[in-house]
Amino acid sequence: MQFLKRILTFALDTDRGSLLYLKKMTENLIGERRRPGRIEVVCGSMFSGKTEELIRRMRRAQFAKQKVEIFKPAIDTRYSEEEVVSHDQHAIRSTPIDASEQILLLANDIDVVGIDEAQFLDQGLVRVCNELANKGVRVIIAGLDMDYKGVPFGPIPMLCAIADEVTKVHAICVRCGALAYVSHRTVKNDKRVLLGETGEYEPLCRECYQKAIEEENNLNKDPEE
């Protein structure tokens, strides 16, 4: 009798587990179809794969037959005037814009909006992204979270605060091989916005960055001091 009770209890528990699993899977599928509005931020230093990740997510949305549109600051013409291009040379068609407000005008009837190099756009981008997400649009943003001095950059910090999901990606420190912390500028230029590549920037970890700044300060010291 005890043996039969155990068999029946096991069978019931197994059925409950299966039902719960099927219910969860069904909820996930329904949630995927509904595609609720959300804000996703991919941030990190230069050469960390931010644009690569943005392109990957946008491609997946395209494969899912969703209507997508990707925007980038018009000042970013390093690889192309009309495309978003990663350091690995992967590209996707984009619309260059001068101000964040233009996104609202150009993103009608769109399921997924992508924004690359968002640190170069104005602070109004925060309101624009919130408005899109509240309308049911999925917004994917890629950008530098800090400038070459390690200072929070443009609208990215505020976007991280309101985002549903934040992905911090890392390059590799070119001096020691650790995870990079910041994009160190290797040329003498005090402008905050300076478009460049490996000739102008290098990804460094926190320790190597501090050493690099110390070396630069020593070089710039007056010999008579």
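The values are calculated or read from the model by the stated rules, or taken from the named source; none is laboratory data. For clarity, every value in this text was computed on a predicted model and none was experimentally measured. Quick reminder, even Gly has a Cβ in these numbers, built from the backbone with ideal geometry, and neighbours come from all protein chains shown. Remember, those area values only see protein heavy atoms, side chains included, never the ligands or the DNA or RNA. Shrake-Rupley method; radii C 1.70, N 1.55, O 1.52, S 1.80 Å.
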>> At 1.4 Å probe size, what's the solvent-accessible area of His170? Round to the nearest 10 Å².
In response: 80 Å²
>> If I stretch the segment between Thr186 and Gln123 completely, what's the gain in nm (0.36 nm per residue apart, minus their alpha carbon distance), one decimal?
In response: 19.9 nm
> Tell me, what is the FRET efficiency for Ala91 and Lys221 to the nearest 0.05, using R0 = 41 angstrom and their Cβ-Cβ distance as r?
Replying inline: 0.35
> Given that compact globular proteins tend to follow 2.2 N^0.38 Å, what is the ratio of the alpha-carbon Rg of the range 114-225 to that value?
Replying inline: 1.28
> With labels modelled as points extended 7 Å from the Cα through the Cβ direction, what inter-label distance (nm, one decimal) is found for Ala161 paired with Asn130?
Replying inline: 1.0 nm
> Relative to the present Cα-Cα distance, how much length would full extension add between Cys176 and Glu214 at 0.36 nm per residue of separation?
Replying inline: 12.0 nm
